[in-house]
1. For a quick check of your reading of the model, give me the residue pairs whose first member lies in the range 172-186 and is in a loop (DSSP other than H, G, I, E, B) and exposed (fewer than 10 other Cβ atoms within 10 Å of the Cβ), whose second is at pLDDT 70 or above and not aromatic (Phe, Trp, Tyr), with beta-carbon atoms closer than 6 Å and at least 6 apart or on different chains.
2. If we keep just the residues of the range 53-67 that are hydroxyl-bearing (Ser, Thr, Tyr) and touching a residue at least 12 places away in the same chain (Cβ under 8 Å), which is surrounded by the fewest Cβ atoms within 10 Å (Cβ to Cβ)?
3. Considering every residue within the range 146-165, establish whether at least one is outside any helix (DSSP H, G or I) and either among the basic types (Lys, Arg) or touching a strand residue (DSSP E or B) at 6+ places or on another chain (Cβ under 9 Å) (or both).
4. What residue, of ILE16, ILE70, ILE21, is modelled with pLDDT of 95 or more and either surrounded by 13 or more Cβ atoms within 10 Å (Cβ to Cβ) or part of a loop (DSSP other than H, G, I, E, B) (or both)?
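The values are calculated or read from the model by the stated rules, or taken from the named source; none is laboratory data. Given the structure is predicted, the values throughout are model-derived calculations rather than measurements. Cβ placement follows ideal geometry from the backbone for every residue including glycine, while neighbour counts extend to all protein chains displayed.
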Amino acid sequence: MKIYTKSGDKGKTSIIGGQRIYKSDLRVCAYGSIDEVNSWVGKVIAALDKERFPSLSNELTALQVLLFDIGTDLATPTGSKEMIVGQEDLAHIESLIDQYQSQVPVIEKFILPGGHPIACDLQVARTVIRRGEREVTALLIEEEINLIAYKIINRLSDLFFVLARYINSSYGIAEPFYERAGNVFH
């Protein structure tokens, strides 16, 4: 079987339930951003020292499955089929945030994205999930969606932020704080 079908050559794609919609549709943009985040998580996993961070590696792999499920729910018009993502997934993400937040120093200033390359990739994932959240919000205004998936998307920016801080802390890398004092280029 060939990977290309040519069915999207006129700007439309099929979503779950068989409906064909434009590739620029809010729904496609929303699950496309979630797919992009999933790729960033894969990049983090590939770079992660699995001996040093075995639990984190496993948790991020499980997160990739959840991101795929969220994308599936976003590609599914309400009523087409049962949604995949549920309350227990949200609770798990919140427990991960709490777990890793407890392992990093308290901050009282904004930090700049930076530090260890893995932390930087997690910060990119954070910004992409925030874009995805804006796109899902636009979709939510127009159509019903799985609201638990939406809440998880909201929590994921916090998770990626905390994980970036955790990586920097684990490697003993000081976080770059935002400080504005006069002309920053002098």
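1. TYR178/LEU112
2. Residues of the range 53-67 that are hydroxyl-bearing (Ser, Thr, Tyr), as a first pass: 55, 57, 61.
Those left that are additionally touching a residue at least 12 places away in the same chain (Cβ under 8 Å): 57, 61.
Working: SER57: 17, THR61: 12.
Taking the candidates together, the pick is THR61.
3. Taking the range 146-165 as the starting set, the residues that turn out to be outside any helix (DSSP H, G or I) are 146.
This time we only want the ones that are either among the basic types (Lys, Arg) or touching a strand residue (DSSP E or B) at 6+ places or on another chain (Cβ under 9 Å) (or both), so: none.
Scanning the range 146-165 turns up no residue that is outside any helix (DSSP H, G or I) and either among the basic types (Lys, Arg) or touching a strand residue (DSSP E or B) at 6+ places or on another chain (Cβ under 9 Å) (or both).
4. Among ILE16, ILE70, ILE21, only ILE70 is modelled with pLDDT of 95 or more and either surrounded by 13 or more Cβ atoms within 10 Å (Cβ to Cβ) or part of a loop (DSSP other than H, G, I, E, B) (or both).
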